[in-house]
Amino acid sequence: MNLSEPMSAADPTLDPTTLAEWFRRRATRAPDRPALSFEGRTWTYSQLQDEIERLSAVLAAGGLRTGERLAWLGFNDPLQIVALFAAARIGAIFVPLNFRLSAPELQSIIDDAGVHTLIADKTHASLLDPVRESLSCQRYLSLGSLGSDNAAWVSLAAERDAGHPTPAAVNSRPEDVVLLLYTSGTTGRPKGVMISSLNIWTGNLNGLLSTDLSSRDITLNCAPLFHAAALGVLVLPSLMAGAHLILQRGFDAAGLLRALAEHGVTLTMLVPAMMLMISQHADFGTADLSALRLVLAGGAPVPEPLLRTFATRGIAVSQCYGMTESTAIATLLDAEFAMTRLGSCGRPAALTEVCLVDREGQRITEPNRPGEVWLRGGNVASGYWNRPEETAAAFCDGWFRSGDGATVDEQGFYTICDRLKDMIISGGENIYPAEIEGLLYEHSAIAEAAVIGAPDSRWGERVVVVAALKPGSCLDLDALRAFVEPRLARYKLPSELHVVDALPRSSTGKILKAELRKRFAGAG
(Lines give C-alpha, C1' and ligand atoms only; values in the text may rest on other atoms or scores of the structure.)
Protein backbone atom coordinates (compact mmCIF):
# COMPACT_ATOMS: atom_id res chain seq x y z
CA MET A 1 0.00 0.00 0.00
CA ASN A 2 1.31 3.44 -0.92
CA LEU A 3 0.86 5.57 2.21
CA SER A 4 1.35 8.76 0.21
CA GLU A 5 -1.91 8.14 -1.61
CA PRO A 6 -5.24 9.15 -0.04
CA MET A 7 -7.48 6.41 1.33
CA SER A 8 -10.30 5.38 -0.98
CA ALA A 9 -13.86 6.47 -0.25
CA ALA A 10 -14.71 2.86 0.55
CA ASP A 11 -11.99 2.67 3.19
CA PRO A 12 -12.04 5.99 5.03
CA THR A 13 -9.83 6.95 7.91
CA LEU A 14 -12.30 7.58 10.71
CA ASP A 15 -11.69 10.71 12.75
CA PRO A 16 -10.53 9.69 16.25
CA THR A 17 -12.38 12.58 17.89
CA THR A 18 -15.80 11.37 16.72
CA LEU A 19 -17.95 9.70 19.35
CA ALA A 20 -18.12 6.13 18.06
CA GLU A 21 -14.53 6.04 16.83
CA TRP A 22 -12.80 7.14 20.01
CA PHE A 23 -14.68 4.47 21.93
CA ARG A 24 -13.75 1.83 19.35
CA ARG A 25 -10.11 2.81 19.69
CA ARG A 26 -10.35 2.68 23.47
CA ALA A 27 -11.82 -0.83 23.18
CA THR A 28 -9.03 -1.88 20.81
CA ARG A 29 -6.37 -0.52 23.13
CA ALA A 30 -7.72 -2.15 26.33
CA PRO A 31 -10.15 -4.90 25.24
CA ASP A 32 -10.13 -6.91 28.46
CA ARG A 33 -10.36 -4.01 30.89
CA PRO A 34 -13.72 -3.77 32.74
CA ALA A 35 -15.74 -0.95 31.21
CA LEU A 36 -19.19 -1.08 32.75
CA SER A 37 -20.88 -2.90 35.63
CA PHE A 38 -24.61 -2.97 36.23
CA GLU A 39 -26.66 -5.05 38.66
CA GLY A 40 -24.13 -7.84 39.03
CA ARG A 41 -22.89 -8.03 35.43
CA THR A 42 -19.69 -6.55 33.99
CA TRP A 43 -18.83 -5.81 30.35
CA THR A 44 -15.25 -5.37 29.19
CA TYR A 45 -14.43 -2.67 26.66
CA SER A 46 -14.37 -5.19 23.81
CA GLN A 47 -17.69 -6.69 24.92
CA LEU A 48 -19.25 -3.25 25.04
CA GLN A 49 -17.95 -2.55 21.52
CA ASP A 50 -19.54 -5.82 20.37
CA GLU A 51 -22.86 -4.67 21.85
CA ILE A 52 -22.52 -1.34 20.04
CA GLU A 53 -22.00 -3.07 16.69
CA ARG A 54 -24.92 -5.49 17.27
CA LEU A 55 -27.29 -2.66 18.14
CA SER A 56 -26.13 -0.56 15.19
CA ALA A 57 -27.07 -3.54 12.98
CA VAL A 58 -30.57 -3.63 14.51
CA LEU A 59 -31.03 0.11 14.04
CA ALA A 60 -29.78 0.09 10.44
CA ALA A 61 -31.95 -2.92 9.57
CA GLY A 62 -34.95 -0.98 10.88
CA GLY A 63 -34.30 1.91 8.53
CA LEU A 64 -32.49 4.36 10.81
CA ARG A 65 -30.19 6.43 8.62
CA THR A 66 -27.59 9.14 8.89
CA GLY A 67 -29.02 12.29 10.46
CA GLU A 68 -32.19 10.59 11.73
CA ARG A 69 -33.07 10.46 15.41
CA LEU A 70 -33.10 7.57 17.89
CA ALA A 71 -34.85 8.21 21.23
CA TRP A 72 -34.59 6.35 24.52
CA LEU A 73 -37.22 6.37 27.29
CA GLY A 74 -36.49 4.55 30.52
CA PHE A 75 -34.44 4.18 33.64
CA ASN A 76 -30.65 3.99 33.49
CA ASP A 77 -29.54 0.87 31.62
CA PRO A 78 -26.28 -0.18 29.94
CA LEU A 79 -28.14 -0.40 26.64
CA GLN A 80 -28.83 3.33 26.84
CA ILE A 81 -25.09 3.99 26.68
CA VAL A 82 -24.73 1.37 23.96
CA ALA A 83 -27.53 3.08 22.01
CA LEU A 84 -25.75 6.44 22.14
CA PHE A 85 -22.60 4.98 20.57
CA ALA A 86 -24.53 2.72 18.17
CA ALA A 87 -26.50 5.68 16.82
CA ALA A 88 -23.30 7.67 16.35
CA ARG A 89 -21.67 4.72 14.59
CA ILE A 90 -24.26 4.88 11.79
CA GLY A 91 -24.47 8.69 11.78
CA ALA A 92 -27.77 8.98 13.64
CA ILE A 93 -28.58 11.37 16.50
CA PHE A 94 -29.43 10.10 19.99
CA VAL A 95 -32.28 11.71 21.97
CA PRO A 96 -32.52 10.57 25.62
CA LEU A 97 -35.95 11.41 27.03
CA ASN A 98 -36.74 12.48 30.57
CA PHE A 99 -38.81 9.59 31.96
CA ARG A 100 -40.25 11.92 34.62
CA LEU A 101 -42.24 13.88 32.03
CA SER A 102 -45.92 13.36 31.26
CA ALA A 103 -47.15 11.89 27.98
CA PRO A 104 -48.03 15.31 26.47
CA GLU A 105 -44.60 16.68 27.43
CA LEU A 106 -42.89 13.66 25.85
CA GLN A 107 -45.01 13.96 22.72
CA SER A 108 -43.90 17.57 22.28
CA ILE A 109 -40.24 16.57 22.42
CA ILE A 110 -40.55 13.45 20.27
CA ASP A 111 -42.38 15.32 17.54
CA ASP A 112 -40.03 18.32 17.70
CA ALA A 113 -37.05 16.00 17.27
CA GLY A 114 -38.78 14.03 14.50
CA VAL A 115 -37.80 10.75 16.14
CA HIS A 116 -37.58 7.79 13.74
CA THR A 117 -36.96 4.96 16.21
CA LEU A 118 -37.85 4.89 19.90
CA ILE A 119 -36.55 2.43 22.51
CA ALA A 120 -38.40 2.17 25.83
CA ASP A 121 -38.19 -0.07 28.87
CA LYS A 122 -41.24 -2.00 30.08
CA THR A 123 -42.00 0.52 32.81
CA HIS A 124 -42.28 3.49 30.47
CA ALA A 125 -43.52 2.08 27.15
CA SER A 126 -47.12 2.20 28.39
CA LEU A 127 -46.66 5.87 29.32
CA LEU A 128 -46.80 6.69 25.63
CA ASP A 129 -49.95 4.68 24.89
CA PRO A 130 -52.31 7.69 25.09
CA VAL A 131 -50.30 9.60 22.46
CA ARG A 132 -48.40 6.90 20.55
CA GLU A 133 -50.66 6.80 17.47
CA SER A 134 -50.07 10.51 16.88
CA LEU A 135 -46.30 10.42 17.30
CA SER A 136 -43.82 10.88 14.47
CA CYS A 137 -42.00 7.61 15.26
CA GLN A 138 -41.77 4.92 12.60
CA ARG A 139 -40.43 2.14 14.83
CA TYR A 140 -40.84 1.13 18.48
CA LEU A 141 -38.41 -1.21 20.26
CA SER A 142 -39.00 -2.47 23.80
CA LEU A 143 -36.74 -3.88 26.49
CA GLY A 144 -38.62 -7.07 27.30
CA SER A 145 -41.94 -8.40 26.03
CA LEU A 146 -45.00 -6.18 26.41
CA GLY A 147 -47.48 -8.87 25.39
CA SER A 148 -49.82 -9.24 22.45
CA ASP A 149 -51.80 -6.14 23.39
CA ASN A 150 -48.81 -3.99 22.43
CA ALA A 151 -48.14 -5.27 18.93
CA ALA A 152 -46.63 -1.95 17.88
CA TRP A 153 -43.63 -2.64 20.10
CA VAL A 154 -40.93 -4.99 18.79
CA SER A 155 -38.70 -6.87 21.24
CA LEU A 156 -35.21 -5.39 21.14
CA ALA A 157 -33.74 -8.64 22.48
CA ALA A 158 -35.26 -10.62 19.61
CA GLU A 159 -33.94 -8.13 17.09
CA ARG A 160 -30.46 -8.29 18.58
CA ASP A 161 -30.51 -12.09 18.24
CA ALA A 162 -31.73 -11.96 14.64
CA GLY A 163 -28.24 -11.76 13.18
CA HIS A 164 -28.63 -8.57 11.14
CA PRO A 165 -25.45 -7.76 9.18
CA THR A 166 -23.19 -5.22 10.87
CA PRO A 167 -23.12 -2.00 8.84
CA ALA A 168 -19.90 -0.15 8.12
CA ALA A 169 -19.20 2.75 10.44
CA VAL A 170 -20.16 6.11 8.96
CA ASN A 171 -17.26 8.49 8.32
CA SER A 172 -18.73 11.39 10.27
CA ARG A 173 -17.15 14.74 11.09
CA PRO A 174 -16.38 16.07 14.58
CA GLU A 175 -18.87 18.91 13.98
CA ASP A 176 -21.76 16.54 13.23
CA VAL A 177 -24.54 16.48 15.82
CA VAL A 178 -24.67 13.15 17.69
CA LEU A 179 -26.82 14.05 20.69
CA LEU A 180 -29.98 16.10 21.26
CA LEU A 181 -30.52 16.97 24.92
CA TYR A 182 -33.78 18.75 25.62
CA THR A 183 -33.87 21.58 28.11
CA SER A 184 -36.74 23.97 28.76
CA GLY A 185 -36.29 27.64 28.00
CA THR A 186 -37.71 30.77 29.58
CA THR A 187 -40.74 30.45 27.30
CA GLY A 188 -41.44 27.00 28.72
CA ARG A 189 -41.01 25.31 25.32
CA PRO A 190 -38.47 22.47 25.40
CA LYS A 191 -35.41 23.14 23.24
CA GLY A 192 -33.12 20.47 21.84
CA VAL A 193 -29.49 21.39 22.40
CA MET A 194 -27.43 20.16 19.45
CA ILE A 195 -24.30 18.48 20.80
CA SER A 196 -21.59 17.32 18.42
CA SER A 197 -18.76 14.83 18.73
CA LEU A 198 -16.39 17.79 19.10
CA ASN A 199 -18.46 19.13 22.00
CA ILE A 200 -18.28 15.75 23.76
CA TRP A 201 -14.57 15.31 23.01
CA THR A 202 -13.75 18.75 24.44
CA GLY A 203 -16.09 18.27 27.39
CA ASN A 204 -14.45 14.93 28.18
CA LEU A 205 -11.01 16.52 28.14
CA ASN A 206 -12.27 19.27 30.44
CA GLY A 207 -13.37 16.57 32.85
CA LEU A 208 -10.16 14.58 32.62
CA LEU A 209 -7.95 17.62 33.07
CA SER A 210 -10.04 19.00 35.94
CA THR A 211 -10.36 15.81 38.00
CA ASP A 212 -7.27 13.77 37.06
CA LEU A 213 -9.61 11.02 35.91
CA SER A 214 -7.69 8.00 34.59
CA SER A 215 -7.96 4.30 33.76
CA ARG A 216 -7.17 3.54 37.40
CA ASP A 217 -10.44 5.09 38.57
CA ILE A 218 -13.65 3.29 39.43
CA THR A 219 -16.53 5.71 38.93
CA LEU A 220 -20.20 5.47 39.83
CA ASN A 221 -23.19 7.12 38.19
CA CYS A 222 -26.69 7.06 39.67
CA ALA A 223 -27.92 10.28 38.02
CA PRO A 224 -30.39 9.91 35.12
CA LEU A 225 -28.69 9.51 31.74
CA PHE A 226 -31.01 12.01 30.05
CA HIS A 227 -29.08 14.68 31.98
CA ALA A 228 -26.05 16.50 30.59
CA ALA A 229 -24.46 16.26 34.02
CA ALA A 230 -24.55 12.45 34.09
CA LEU A 231 -23.26 12.04 30.55
CA GLY A 232 -20.90 14.99 30.36
CA VAL A 233 -19.46 15.13 33.86
CA LEU A 234 -18.94 11.44 34.55
CA VAL A 235 -20.11 8.72 32.14
CA LEU A 236 -18.46 9.70 28.86
CA PRO A 237 -15.24 11.04 30.44
CA SER A 238 -14.95 7.76 32.39
CA LEU A 239 -15.22 5.65 29.24
CA MET A 240 -12.82 7.87 27.31
CA ALA A 241 -10.28 7.56 30.14
CA GLY A 242 -10.63 3.78 30.22
CA ALA A 243 -12.04 3.80 33.76
CA HIS A 244 -14.45 1.23 35.19
CA LEU A 245 -17.95 2.74 35.33
CA ILE A 246 -20.48 1.44 37.85
CA LEU A 247 -23.99 2.28 36.62
CA GLN A 248 -27.06 2.28 38.85
CA ARG A 249 -30.65 2.22 37.62
CA GLY A 250 -31.44 5.27 39.73
CA PHE A 251 -30.61 6.99 42.97
CA ASP A 252 -31.10 5.17 46.25
CA ALA A 253 -29.10 6.32 49.27
CA ALA A 254 -28.67 2.86 50.83
CA GLY A 255 -27.85 1.24 47.48
CA LEU A 256 -25.36 3.97 46.65
CA LEU A 257 -23.52 3.59 49.95
CA ARG A 258 -23.34 -0.18 49.46
CA ALA A 259 -22.03 0.20 45.91
CA LEU A 260 -19.40 2.75 46.91
CA ALA A 261 -18.01 0.29 49.44
CA GLU A 262 -18.46 -2.91 47.40
CA HIS A 263 -16.72 -1.63 44.27
CA GLY A 264 -14.14 0.63 45.91
CA VAL A 265 -15.48 3.61 43.97
CA THR A 266 -12.98 6.45 43.67
CA LEU A 267 -15.14 9.16 42.04
CA THR A 268 -18.85 9.90 41.71
CA MET A 269 -21.13 12.77 40.74
CA LEU A 270 -24.02 13.91 42.98
CA VAL A 271 -26.39 16.85 43.27
CA PRO A 272 -26.77 18.46 46.72
CA ALA A 273 -30.14 16.79 47.35
CA MET A 274 -28.51 13.37 46.87
CA MET A 275 -25.64 14.36 49.16
CA LEU A 276 -28.13 15.38 51.85
CA MET A 277 -30.03 12.09 51.67
CA ILE A 278 -26.80 10.11 51.86
CA SER A 279 -25.57 12.12 54.84
CA GLN A 280 -28.85 11.50 56.67
CA HIS A 281 -28.78 7.74 56.07
CA ALA A 282 -28.03 5.54 59.08
CA ASP A 283 -25.13 3.86 57.27
CA PHE A 284 -23.31 7.07 56.29
CA GLY A 285 -21.09 7.08 59.37
CA THR A 286 -19.99 3.44 59.09
CA ALA A 287 -19.89 2.67 55.35
CA ASP A 288 -16.43 2.00 53.92
CA LEU A 289 -15.80 5.07 51.79
CA SER A 290 -12.03 4.95 52.07
CA ALA A 291 -11.51 4.62 48.30
CA LEU A 292 -13.70 7.62 47.45
CA ARG A 293 -11.25 10.38 46.53
CA LEU A 294 -13.69 12.89 45.06
CA VAL A 295 -17.36 13.80 44.78
CA LEU A 296 -18.23 16.07 41.85
CA ALA A 297 -21.18 18.21 42.90
CA GLY A 298 -23.38 20.13 40.49
CA GLY A 299 -26.89 21.40 39.88
CA ALA A 300 -26.81 23.90 42.75
CA PRO A 301 -24.35 25.22 45.36
CA VAL A 302 -23.60 22.77 48.17
CA PRO A 303 -24.51 24.28 51.57
CA GLU A 304 -21.62 24.73 53.99
CA PRO A 305 -23.02 22.33 56.65
CA LEU A 306 -23.23 19.59 54.05
CA LEU A 307 -19.65 20.20 52.94
CA ARG A 308 -18.56 19.91 56.56
CA THR A 309 -20.51 16.68 57.00
CA PHE A 310 -18.73 15.09 54.05
CA ALA A 311 -15.42 16.44 55.31
CA THR A 312 -15.91 14.51 58.57
CA ARG A 313 -15.78 11.34 56.48
CA GLY A 314 -12.67 12.53 54.67
CA ILE A 315 -14.56 13.00 51.37
CA ALA A 316 -13.35 15.79 49.10
CA VAL A 317 -16.07 17.69 47.23
CA SER A 318 -15.48 19.61 44.00
CA GLN A 319 -18.31 21.87 42.86
CA CYS A 320 -18.80 22.56 39.17
CA TYR A 321 -20.96 24.89 37.09
CA GLY A 322 -22.24 24.25 33.63
CA MET A 323 -25.29 23.55 31.57
CA THR A 324 -26.51 21.45 28.70
CA GLU A 325 -25.28 24.05 26.20
CA SER A 326 -21.72 23.69 27.55
CA THR A 327 -21.83 19.87 27.50
CA ALA A 328 -21.78 19.99 31.30
CA ILE A 329 -18.63 21.44 32.90
CA ALA A 330 -17.76 25.11 32.30
CA THR A 331 -16.12 25.96 35.63
CA LEU A 332 -14.93 23.80 38.49
CA LEU A 333 -13.93 24.55 42.08
CA ASP A 334 -11.05 22.31 43.08
CA ALA A 335 -11.72 20.40 46.30
CA GLU A 336 -8.89 22.19 48.11
CA PHE A 337 -10.94 25.40 47.96
CA ALA A 338 -14.26 23.85 49.03
CA MET A 339 -14.32 25.50 52.46
CA THR A 340 -12.32 28.66 51.74
CA ARG A 341 -14.35 29.63 48.66
CA LEU A 342 -17.85 28.86 49.87
CA GLY A 343 -20.47 29.64 47.24
CA SER A 344 -17.97 29.79 44.39
CA CYS A 345 -18.27 27.56 41.32
CA GLY A 346 -14.52 27.84 40.74
CA ARG A 347 -12.37 28.74 37.78
CA PRO A 348 -12.94 28.02 34.08
CA ALA A 349 -12.29 24.50 32.83
CA ALA A 350 -9.03 24.13 30.92
CA LEU A 351 -10.57 24.24 27.43
CA THR A 352 -13.36 26.73 28.07
CA GLU A 353 -13.28 30.52 28.04
CA VAL A 354 -15.53 32.33 30.50
CA CYS A 355 -16.22 36.05 30.74
CA LEU A 356 -18.79 38.42 32.20
CA VAL A 357 -20.67 40.90 30.04
CA ASP A 358 -22.71 43.91 31.19
CA ARG A 359 -26.13 45.00 29.98
CA GLU A 360 -24.57 47.10 27.22
CA GLY A 361 -22.74 44.07 25.84
CA GLN A 362 -19.33 45.19 27.09
CA ARG A 363 -16.90 42.74 28.65
CA ILE A 364 -16.37 43.32 32.39
CA THR A 365 -12.71 43.47 33.41
CA GLU A 366 -12.83 44.77 36.99
CA PRO A 367 -13.34 42.19 39.77
CA ASN A 368 -16.54 41.65 41.79
CA ARG A 369 -18.79 43.49 39.35
CA PRO A 370 -21.89 41.45 38.40
CA GLY A 371 -22.48 40.49 34.78
CA GLU A 372 -23.90 37.79 32.57
CA VAL A 373 -21.82 34.63 32.12
CA TRP A 374 -20.70 34.08 28.52
CA LEU A 375 -18.95 30.86 27.46
CA ARG A 376 -16.81 29.89 24.48
CA GLY A 377 -14.95 26.73 23.53
CA GLY A 378 -15.15 23.41 21.75
CA ASN A 379 -17.56 22.13 24.39
CA VAL A 380 -20.17 24.81 23.63
CA ALA A 381 -23.04 23.53 21.49
CA SER A 382 -23.84 25.00 18.08
CA GLY A 383 -27.44 25.93 18.89
CA TYR A 384 -30.99 24.70 19.34
CA TRP A 385 -32.76 22.19 17.11
CA ASN A 386 -35.30 23.90 14.84
CA ARG A 387 -34.97 27.14 16.84
CA PRO A 388 -33.08 29.62 14.63
CA GLU A 389 -34.32 32.73 16.43
CA GLU A 390 -33.53 31.39 19.90
CA THR A 391 -30.17 30.15 18.64
CA ALA A 392 -29.34 33.60 17.28
CA ALA A 393 -30.32 35.20 20.60
CA ALA A 394 -28.21 32.88 22.77
CA PHE A 395 -25.20 32.11 20.54
CA CYS A 396 -23.24 35.17 19.41
CA ASP A 397 -19.89 35.19 17.54
CA GLY A 398 -18.87 31.86 19.06
CA TRP A 399 -20.01 32.82 22.56
CA PHE A 400 -22.97 31.36 24.44
CA ARG A 401 -24.98 33.75 26.58
CA SER A 402 -25.88 31.69 29.65
CA GLY A 403 -28.52 33.97 31.13
CA ASP A 404 -26.88 33.51 34.55
CA GLY A 405 -25.52 36.41 36.54
CA ALA A 406 -22.17 36.08 38.32
CA THR A 407 -19.17 37.86 39.75
CA VAL A 408 -15.47 36.98 39.49
CA ASP A 409 -12.82 37.94 42.05
CA GLU A 410 -9.18 38.96 41.68
CA GLN A 411 -8.05 35.31 41.69
CA GLY A 412 -10.44 34.29 38.93
CA PHE A 413 -13.01 32.47 41.08
CA TYR A 414 -16.57 32.80 39.77
CA THR A 415 -19.70 32.98 41.92
CA ILE A 416 -23.21 32.68 40.48
CA CYS A 417 -25.19 35.49 42.09
CA ASP A 418 -28.60 35.26 40.49
CA ARG A 419 -30.62 33.41 37.87
CA LEU A 420 -31.50 35.79 35.12
CA LYS A 421 -34.04 33.34 33.74
CA ASP A 422 -35.88 32.86 37.07
CA MET A 423 -35.04 29.19 36.90
CA ILE A 424 -35.81 27.00 39.91
CA ILE A 425 -33.42 24.16 40.77
CA SER A 426 -35.04 21.35 42.78
CA GLY A 427 -33.06 18.20 43.45
CA GLY A 428 -30.68 19.12 40.63
CA GLU A 429 -33.54 19.41 38.12
CA ASN A 430 -34.13 22.67 36.25
CA ILE A 431 -37.69 23.97 36.52
CA TYR A 432 -38.79 26.91 34.42
CA PRO A 433 -41.67 28.98 35.88
CA ALA A 434 -43.10 29.97 32.49
CA GLU A 435 -43.93 26.35 31.68
CA ILE A 436 -45.99 25.96 34.87
CA GLU A 437 -47.52 29.42 34.58
CA GLY A 438 -48.85 28.57 31.13
CA LEU A 439 -50.86 25.71 32.64
CA LEU A 440 -52.06 27.73 35.62
CA TYR A 441 -53.71 30.28 33.38
CA GLU A 442 -55.89 27.51 31.97
CA HIS A 443 -57.49 26.94 35.37
CA SER A 444 -60.99 28.40 35.53
CA ALA A 445 -60.46 29.89 39.00
CA ILE A 446 -57.17 31.68 38.32
CA ALA A 447 -57.09 35.28 37.10
CA GLU A 448 -53.31 35.63 37.17
CA ALA A 449 -50.45 33.63 38.61
CA ALA A 450 -46.70 33.62 39.06
CA VAL A 451 -44.31 30.81 39.98
CA ILE A 452 -41.25 31.39 42.13
CA GLY A 453 -38.73 29.20 43.95
CA ALA A 454 -38.35 29.07 47.71
CA PRO A 455 -35.48 27.56 49.71
CA ASP A 456 -36.02 23.92 50.65
CA SER A 457 -33.81 22.05 53.13
CA ARG A 458 -34.21 18.75 51.27
CA TRP A 459 -34.37 19.63 47.55
CA GLY A 460 -32.60 22.97 47.41
CA GLU A 461 -35.70 24.79 46.16
CA ARG A 462 -39.42 24.10 45.93
CA VAL A 463 -42.10 25.42 43.59
CA VAL A 464 -44.33 28.15 44.99
CA VAL A 465 -47.44 29.49 43.22
CA VAL A 466 -48.81 32.96 43.94
CA ALA A 467 -52.23 33.46 42.39
CA ALA A 468 -55.05 35.97 42.21
CA LEU A 469 -58.44 34.32 41.74
CA LYS A 470 -61.46 35.29 39.70
CA PRO A 471 -64.38 36.78 41.67
CA GLY A 472 -66.34 34.17 43.59
CA SER A 473 -63.71 31.47 43.02
CA CYS A 474 -61.78 29.41 45.55
CA LEU A 475 -58.74 27.16 45.19
CA ASP A 476 -56.50 25.10 47.46
CA LEU A 477 -53.15 23.43 46.90
CA ASP A 478 -54.53 19.90 46.51
CA ALA A 479 -56.95 20.99 43.79
CA LEU A 480 -54.22 22.95 42.02
CA ARG A 481 -51.81 19.99 42.06
CA ALA A 482 -54.55 17.68 40.77
CA PHE A 483 -55.17 20.09 37.87
CA VAL A 484 -51.57 20.28 36.66
CA GLU A 485 -50.36 16.78 37.62
CA PRO A 486 -51.45 15.01 34.39
CA ARG A 487 -49.33 17.41 32.33
CA LEU A 488 -46.28 17.96 34.51
CA ALA A 489 -43.48 15.83 35.89
CA ARG A 490 -43.87 15.30 39.64
CA TYR A 491 -40.80 17.32 40.55
CA LYS A 492 -42.40 20.36 38.89
CA LEU A 493 -45.60 20.20 40.97
CA PRO A 494 -46.29 23.17 43.29
CA SER A 495 -45.48 22.68 46.97
CA GLU A 496 -47.14 25.88 48.14
CA LEU A 497 -50.05 28.08 47.05
CA HIS A 498 -50.54 31.65 48.19
CA VAL A 499 -53.72 33.48 47.18
CA VAL A 500 -53.49 37.26 46.87
CA ASP A 501 -55.84 40.00 45.72
CA ALA A 502 -53.53 40.99 42.85
CA LEU A 503 -49.98 40.39 41.72
CA PRO A 504 -47.54 43.31 42.01
CA ARG A 505 -46.65 44.77 38.63
CA SER A 506 -44.30 47.41 37.27
CA SER A 507 -45.45 50.45 35.34
CA THR A 508 -45.03 48.44 32.15
CA GLY A 509 -47.20 45.60 33.45
CA LYS A 510 -44.40 43.15 34.28
CA ILE A 511 -44.98 40.99 37.36
CA LEU A 512 -42.49 41.96 40.07
CA LYS A 513 -41.19 38.55 41.05
CA ALA A 514 -38.56 40.07 43.33
CA GLU A 515 -41.37 41.37 45.54
CA LEU A 516 -43.05 37.97 45.50
CA ARG A 517 -39.82 36.24 46.47
CA LYS A 518 -39.28 38.73 49.30
CA ARG A 519 -42.79 38.14 50.64
CA PHE A 520 -43.24 34.42 50.08
CA ALA A 521 -39.74 32.98 49.75
CA GLY A 522 -37.69 35.12 52.07
CA ALA A 523 -35.45 36.45 49.27
CA GLY A 524 -35.01 39.64 47.31
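The values are calculated or read from the model by the stated rules, or taken from the named source; none is laboratory data. Note that the structure is a prediction, hence the values are computed from the model and not measured. Here Cβ is always computed from backbone atoms with ideal geometry, including for glycine, and neighbour counts include all displayed protein chains.
Just wondering, is there one or more residues in the stretch 481-500 that are acidic (Asp, Glu), modelled with pLDDT of 90 or more, in contact with a strand residue (DSSP E or B) (Cβ under 7 Å, 6 or more places away or on another chain) and surrounded by fewer than 13 Cβ atoms within 10 Å (Cβ to Cβ)? No, the conditions are met nowhere in the stretch 481-500.
Within the stretch 360-379, if we keep just the residues that are out of contact with any strand residue (DSSP E or B) (no Cβ under 8 Å at 6 or more places or on another chain) and among the charged types (D, E, K, R), the residue that is farthest from CYS396 (Cα to Cα) turns out to be GLU366.
Across the stretch 294-311, not a single residue is classified as modelled with pLDDT under 95 and either outside the structural domain of ASN204 (by TED's automatic domain parsing) or more than 26 Å from GLU461 (Cβ to Cβ) (or both).
Among the residues of the stretch 309-335, just one is part of a loop (DSSP other than H, G, I, E, B) and of a type in the set (S, T, N, Q), namely THR327.
Only a single item in (1) in a loop (DSSP other than H, G, I, E, B); (2) modelled with pLDDT of 90 or more is not met by ARG519, and it is number (1). With respect to SER344, is the statement that it is modelled with pLDDT under 95, not assigned by TED's automatic domain parsing to the domain that holds PRO96 and not hydrophobic (A, V, I, L, M, F, W, C) true? Yes: the conditions hold for SER344. Within the stretch 324-344, being crowded, with 23+ Cβ neighbours inside 10 Å and in contact with an Asp or Glu (Cβ under 9 Å, 6 or more places away or on another chain) holds for one residue alone: SER344.
To keep it simple, each residue is scored yes or no on (1) of a type in the set (D, E, K, R); (2) surrounded by 24 or more Cβ atoms within 10 Å (Cβ to Cβ); (3) modelled with pLDDT under 95; (4) closer than 30 Å to ALA113 by Cα.
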{"site": "GLU175", "(1), (2), (3), (4)": "yes, no, no, yes"}
{"site": "GLY188", "(1), (2), (3), (4)": "no, no, yes, yes"}
{"site": "GLY203", "(1), (2), (3), (4)": "no, yes, no, yes"}
{"site": "ASP217", "(1), (2), (3), (4)": "yes, no, no, no"}
{"site": "LEU236", "(1), (2), (3), (4)": "no, yes, no, yes"}
{"site": "MET240", "(1), (2), (3), (4)": "no, no, no, yes"}
{"site": "ALA273", "(1), (2), (3), (4)": "no, no, yes, no"}
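Checked across the stretch 52-61, the condition of being outside the structural domain of ALA223 (by TED's automatic domain parsing), touching a strand residue (DSSP E or B) at 6+ places or on another chain (Cβ under 6 Å) and either surrounded by 24 or more Cβ atoms within 10 Å (Cβ to Cβ) or not in a helix (DSSP H, G or I) (or both) holds for no residue. Considering the stretch 406-422, and only residues there that are buried (at least 17 other Cβ atoms within 10 Å of the Cβ) and either touching a Leu at 6+ places or on another chain (Cβ under 6 Å) or not charged (D, E, K, R) (or both), the residue that is modelled with the lowest pLDDT turns out to be ILE416. Out of GLY453, GLY472, GLY460, which single residue is crowded, with 17+ Cβ neighbours inside 10 Å, of a type outside the set (A, V, I, L, M, F, W, C) and either touching a His at 6+ places or on another chain (Cβ under 7 Å) or at positive phi (or both)? Testing whether each residue is crowded, with 17+ Cβ neighbours inside 10 Å, of a type outside the set (A, V, I, L, M, F, W, C) and either touching a His at 6+ places or on another chain (Cβ under 7 Å) or at positive phi (or both) leaves just GLY460.
Do the conditions hold for ALA350, that is, is it part of a helix (DSSP H, G or I) and either closer than 29 Å to LEU208 by Cα or of a type in the set (A, V, I, L, M, F, W, C) (or both)?
No; evaluated as a whole, the condition is false for this residue.
Selection of the stretch 257-275 for residues being in a helix (DSSP H, G or I) and either hydrophobic (A, V, I, L, M, F, W, C) or touching a Cys at 6+ places or on another chain (Cβ under 8 Å) (or both) yields LEU257, ALA259, LEU260, ALA261, ALA273, MET274, MET275.
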